[in-house]
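In what follows, a single structure is set out as structure tokens and then discussed.
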Amino acid sequence: MTRSRIDAYITEQEALPEVTRESLDAVQLRKLNALLRREHARGGFYRNLPERLDSLDALQTLPFTTEEDLARNAPGLLLCSQAEIRRVLSDATSGTTGTAKRVFYTEGDCESTVRLFMAGLVELIFPGSVTMICFPFSGPYGLGELIAEAVTGLGARPLKLGAGLSFGELKSVLEREKPDTFVGMPVQLLGLLRVCGRGSLRRALVSGDACPDAVLNNCEALLGSRLFPHYGSREMALGGAICCPAHEGMHLRENHVIAEIIGEDGSPLPRGEIGELVITTIGMEAMPLIRYRTGDYTRILPGPCPCGSAALRLDRVRRKSAALSVEALDELLFSDSRIVDCRYALADGELNIFALTAGDFSAEALLPQLRALVPERAVTLTARAASMDDRSLYAGKRVFLKG
Ligand SMILES: [Zn+2]
């Protein structure tokens, strides 16, 4: 088995002879202390933190950075000049302050992300292959654009499709362009496979949202190959962790990101336990964050990866477990092979589900299981056959809607 390309990525970026646990720890402590020193010198957002730490363990004594901090203090968190900013990602809907959370990137941040995407994509695409990219294309240095740059960098051809195409449009792309690879969100891929068939598609990288087992397993069965999950977030410049040939977790870009897993009370959890992912983005030029609470839940896989890389691996990333979760509903509904997509809306005491289906489907048959899963609400399920004019019911992350 070939070693994860994360090793080559890190050795190239850090000029290391090889990636070992010791060399990764040394890179992390050096960069963390450089960041603390700069923050102190410029009197920035983190000016009250110690100027230097003696060990990586001491990071656990520093306070967390929250989404609200990011919304309130984005310019104060900037470590570069405004002139160096190439991209600002803003999320008007997140946070409880009503202020948009903004994350800034420099050209260097974007270049590092493209290199990371290449390290992840090289496992599944090759020179001359054709890749359909179903993430949004939102202008220079946007997610779709950075993926397309990585695909081109590997000598393959990107099809810049975006996230909003109908099944009919996707099917005609499959017939006309004969792509062998798909890059996009998990449910979007399952819908495409269930409505259009796999056509020329053979491999896929999925990211951008939680991927329940029912979605992952059914995509793999229809595609005839293992999926390559990727984890990223705005706070880590869109690229965070990549899948290797072992398909056992995702290797973290540890030269840029220090990961911790914490419990409900904020205390660190041991390897292997699931909790909230906290990141310290020591490698970001524009906006490095210290102990940022991501709101994503996962665990660091214990033990070494069969591929031989020493870079830590994140397990599947989930949302916080709750009495009622989109993930649990997705798990149940997508295990039915006739569900193409579904959308969830909450009203007073009700959960209203709308589903697009393929084949002979009866909502009645699924209702008892849904009611058992959501006993505290009245559940309705409306379904109709998906047509070629339909498209994914969610443009972004799958969430509960109102109504
Ligand atoms: Zn590996």
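The values are calculated or read from the model by the stated rules, or taken from the named source; none is laboratory data. Everything numeric in this text was worked out from a predicted model, so none of it was measured. Reconstructed Cβ throughout: ideal geometry from the backbone, glycine too, with neighbour counts over all protein chains shown. Surface areas here come from the heavy atoms of the whole protein model, side chains and all, with no ligands, DNA or RNA. Shrake-Rupley method; radii C 1.70, N 1.55, O 1.52, S 1.80 Å.
Okay, residues lined up against (1) farther than 25 Å from N73 by Cα; (2) assigned to a helix (DSSP H, G or I); (3) open to solvent by less than 40 Å² (accessible area, probe 1.4 Å):
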{"residue": "M1", "(1), (2), (3)": "yes, no, no"}
{"residue": "T11", "(1), (2), (3)": "yes, yes, yes"}
{"residue": "V27", "(1), (2), (3)": "yes, yes, yes"}
{"residue": "A34", "(1), (2), (3)": "no, yes, yes"}
{"residue": "R37", "(1), (2), (3)": "no, yes, no"}
{"residue": "H40", "(1), (2), (3)": "no, yes, no"}
{"residue": "F45", "(1), (2), (3)": "no, no, no"}
{"residue": "L53", "(1), (2), (3)": "no, no, yes"}
{"residue": "D57", "(1), (2), (3)": "yes, yes, no"}
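Pick from the range 13-25 the residues that are assigned to a helix (DSSP H, G or I) and surrounded by 14 or more Cβ atoms within 10 Å (Cβ to Cβ): which of them is nearest to the ligand (Cβ to nearest atom)? Even if it seems obvious, please write down each step before you answer.
Step one: of the range 13-25, the residues assigned to a helix (DSSP H, G or I) are 13-14, 21-25.
Pick out the ones that are also surrounded by 14 or more Cβ atoms within 10 Å (Cβ to Cβ) and you get 13-14, 23-25.
On the way: Q13: 18, E14: 19, S23: 17, L24: 14, D25: 18 Å.
The qualifying residue nearest to the ligand (Cβ to nearest atom) is L24.
Within this structure, R316 fails the test of being away from the ligand (no atom under 16 Å from the Cβ) and open to solvent by 10 Å² or more (accessible area, probe 1.4 Å).
In the range 110-119, is there at least one residue being without any contact (Cβ under 8 Å) to a residue 12 or more places away in the chain and open to solvent by 10 Å² or more (accessible area, probe 1.4 Å)? Spell out the reasoning first.
Our first condition is that a residue be without any contact (Cβ under 8 Å) to a residue 12 or more places away in the chain; within the range 110-119, this holds for 111.
Those still in the list that are open to solvent by 10 Å² or more (accessible area, probe 1.4 Å) too: 111.
Within the range 110-119, one or more residues are without any contact (Cβ under 8 Å) to a residue 12 or more places away in the chain and open to solvent by 10 Å² or more (accessible area, probe 1.4 Å).
Scanning the range 273-287 for residues that are under 21 Å from I242 (Cβ atoms) and within 20 Å of the chain's Cα centre (by Cα) gives I274, L277, V278, I279, T280, T281, I282, G283, M284.
Would you call F137 within 14 Å of L238 (Cα to Cα) and either free of Cβ contacts under 8 Å to residues at least 24 places away in the same chain or open to solvent by 10 Å² or more (accessible area, probe 1.4 Å) (or both)? In short, yes. Regarding R234, is this residue open to solvent by 20 Å² or more (accessible area, probe 1.4 Å), touching a residue at least 60 places away in the same chain (Cβ under 8 Å) and of a type in the set (D, E, K, R)? Yes, satisfied. Applying the condition of being among the small types (G, A, S) and without any contact (Cβ under 8 Å) to a residue 60 or more places away in the chain to the range 303-327 and asking which residue is farthest from L277 (Cα to Cα) yields A323. Among the residues of the range 292-313, those that are in a loop (DSSP other than H, G, I, E, B) and either more than 16 Å from the ligand (Cβ to nearest atom) or at negative phi (or both) comprise R299, L301, P302, P304, C305, P306, C307, S309, A310, A311, L312.
Tell me which residues, restricted to the range 155-168, are more than 12 Å from C134 (Cα to Cα) and surrounded by fewer than 20 Cβ atoms within 10 Å (Cβ to Cβ). Selection gives G155, R157, G168.
Of all residues in the range 59-94, exactly one satisfies the criterion of being in a loop (DSSP other than H, G, I, E, B), open to solvent by less than 30 Å² (accessible area, probe 1.4 Å) and modelled with pLDDT of 95 or more, namely L62.
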